[in-house]
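The values are calculated or read from the model by the stated rules, or taken from the named source; none is laboratory data. In this text the structure is predicted, and so the values were computed from the model without any measurement. Using ideal geometry, Cβ is built from the backbone for each residue, glycine included, and neighbour counts are taken over all protein chains shown.
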Amino acid sequence: MNDELSVLIVDDDKSNRQVLKECISGMAQVLLAKNGAQAIEKSMSLLPDLIVLDIVMPDMDGFSVIETLRNRSQTQHIPIIFITGSDSEEVEMKGLKLGAVDVLSKPLHPGVVQARIYTQLQNVFQKRLLDALVHIDALTTIANRRQFDEVLEREWKNSLSLGTPLSLVILDVDYFKDYNDCYGHQAGDTVLKKIALSLKHGLEHTHGFIARIGGEEFAMILPNTPVEFAVEIVENAIKQVSDLQIAHQGSGCSSVITLSAGIHSMVAKNTSDNARAALELADRALFKAKESGRNQVVV
Ligand code: GH3
Ligand code: MG
Ligand code: MG
Ligand code: MG
């Protein structure tokens, strides 16, 4: 664990905030709030990884804070530890029912507080790790199909609400079966890694997104990009890959590894069903690029 993780301490009592801060500062970055309103504002703007929340506070108590945070999509998953001066079972039960992951009793014993917060931070850290693994392609370390689908849904909604053009691109390695047959599967894997890095590098200073969506297929999502810019970006990306000069004697269109690509650009309309249909159109354009000789882009 490291201080990339942040914990928001919410307590109206200054000395409690101080004790908690000392407990946490070696494990995570500490954020502070003195009341419920501040807690909500800082949770929304800073998205802490964990919240340690006092129950009894003037104006807005901890129960109201947790209810507000649970009702907002950005904050509903943030784990919350309650702090209570009461030793009543009822208060503890209410906190747990509202979704707190733990309840700490006052007076605070620093060793116990530290151990419990450590456990929760470990959970957060492991969840993050798992989340990253679930969204990354193991071979190339770029985004995988799952992440692609999530980004497509998000960008589709953005295009829909802002009326901005969205370009979808599918790229496929030319004669890759022959490459494997000639140079071996392991050499093929190395080529896929090199292509992935090259494509990723090509999009570095844009808002474009690249994923490996299948065996030797990659896809780009280019938000706010009309077709003429998309063509430019993709032609460039394809050139970067052929410039890698990876020998491919068995290629039917070149002596090096090349890519074909299909682009479909549009302003999103209606539901995300149409996103899949749009992707299908990019795939059809790819098919045409293959048919008309490969190593090229078709819109
Ligand atoms: P085309 O130009 O029409 O795309 O021809 P192709 O040979 O590339 O297309 P085809 O779909 O016939 O073959 C795709 C090949 O990609 C077959 C498969 O062995 C290879 N492939 C898919 N995933 C991987 C992988 O992870 N590693 C390696 N080395 N090869 C893979
Ligand atoms: Mg209090
Ligand atoms: Mg293919
Ligand atoms: Mg292929």
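Scanning region 103-116 for residues that are touching a Gly at 6+ places or on another chain (Cβ under 9 Å) and either farther than 18 Å from residue 56 by Cβ or buried (at least 17 other Cβ atoms within 10 Å of the Cβ) (or both) returns 103, 106, 114. Against the numbered list (1) among the basic types (Lys, Arg); (2) without any contact (Cβ under 8 Å) to a residue 12 or more places away in the chain; (3) crowded, with 16+ Cβ neighbours inside 10 Å, residue 239 comes up short only at (3).
Of all residues in region 147-161, none are crowded, with 20+ Cβ neighbours inside 10 Å, within 16 Å of ligand 3 (Cβ to nearest atom), in a loop (DSSP other than H, G, I, E, B) and in contact (Cβ under 8 Å) with a residue 24 or more places away in the chain. Inside region 110-141, residues that are in a loop (DSSP other than H, G, I, E, B) and either of a type in the set (S, T, N, Q) or modelled with pLDDT under 95 (or both) make up a count of 2.
Checking 246, 263 one by one, the residue that is more than 16 Å from ligand 3 (Cβ to nearest atom), among the β-branched types (Val, Ile, Thr) and either more than 26 Å from the chain's Cα centre (by Cα) or surrounded by fewer than 17 Cβ atoms within 10 Å (Cβ to Cβ) (or both) is 246 and no other. Looking only at region 123-144, residues that are surrounded by 13 or more Cβ atoms within 10 Å (Cβ to Cβ) and either farther than 30 Å from residue 199 by Cβ or aromatic (Phe, Trp, Tyr) (or both) come to 3 in all.
Of note, residue 172 satisfies the criterion of being within 20 Å of residue 249 (Cα to Cα), away from ligand 2 (no atom under 16 Å from the Cβ), surrounded by 19 or more Cβ atoms within 10 Å (Cβ to Cβ) and more than 22 Å from the chain's Cα centre (by Cα). Here residue 197 does not qualify as within 10 Å of ligand 1 (Cβ to nearest atom) and either on the phi < 0 side of the Ramachandran plot or in contact (Cβ under 8 Å) with a residue 60 or more places away in the chain (or both). Taking region 197-224 as the range and being surrounded by 19 or more Cβ atoms within 10 Å (Cβ to Cβ) and in a strand (DSSP E or B) as the test, the residues that pass are 209, 210, 211, 212, 213, 218, 219, 220, 221, 222, 223. Only one entry of 231, 256 meets the criterion of being under 23 Å from residue 159 (Cα atoms), aliphatic (A, V, I, L, M) and more than 10 Å from ligand 1 (Cβ to nearest atom), and that entry is 231. If the condition is being in contact with a helix residue (DSSP H, G or I) (Cβ under 7 Å, 6 or more places away or on another chain) and either of a type in the set (S, T, N, Q) or closer than 21 Å to residue 69 by Cα (or both), then region 7-19 contributes 7, 8, 9, 10, 11. A single entry from 58, 48 fulfils the requirement of being under 20 Å from residue 15 (Cβ atoms), more than 16 Å from ligand 3 (Cβ to nearest atom) and not aliphatic (A, V, I, L, M): 58.
Filtering 120, 147, 126 for residues that are in contact with a Leu (Cβ under 6 Å, 6 or more places away or on another chain) and not hydroxyl-bearing (Ser, Thr, Tyr) leaves a single hit, 120.
Tallying residues that are within 16 Å of ligand 3 (Cβ to nearest atom) and not hydrophobic (A, V, I, L, M, F, W, C) within region 181-228 yields 9. Every condition in (1) away from ligand 3 (no atom under 16 Å from the Cβ); (2) in contact (Cβ under 8 Å) with a residue 60 or more places away in the chain; (3) over 25 Å from residue 225 (Cβ atoms) is met by residue 178 except one, and the failing one is (1).
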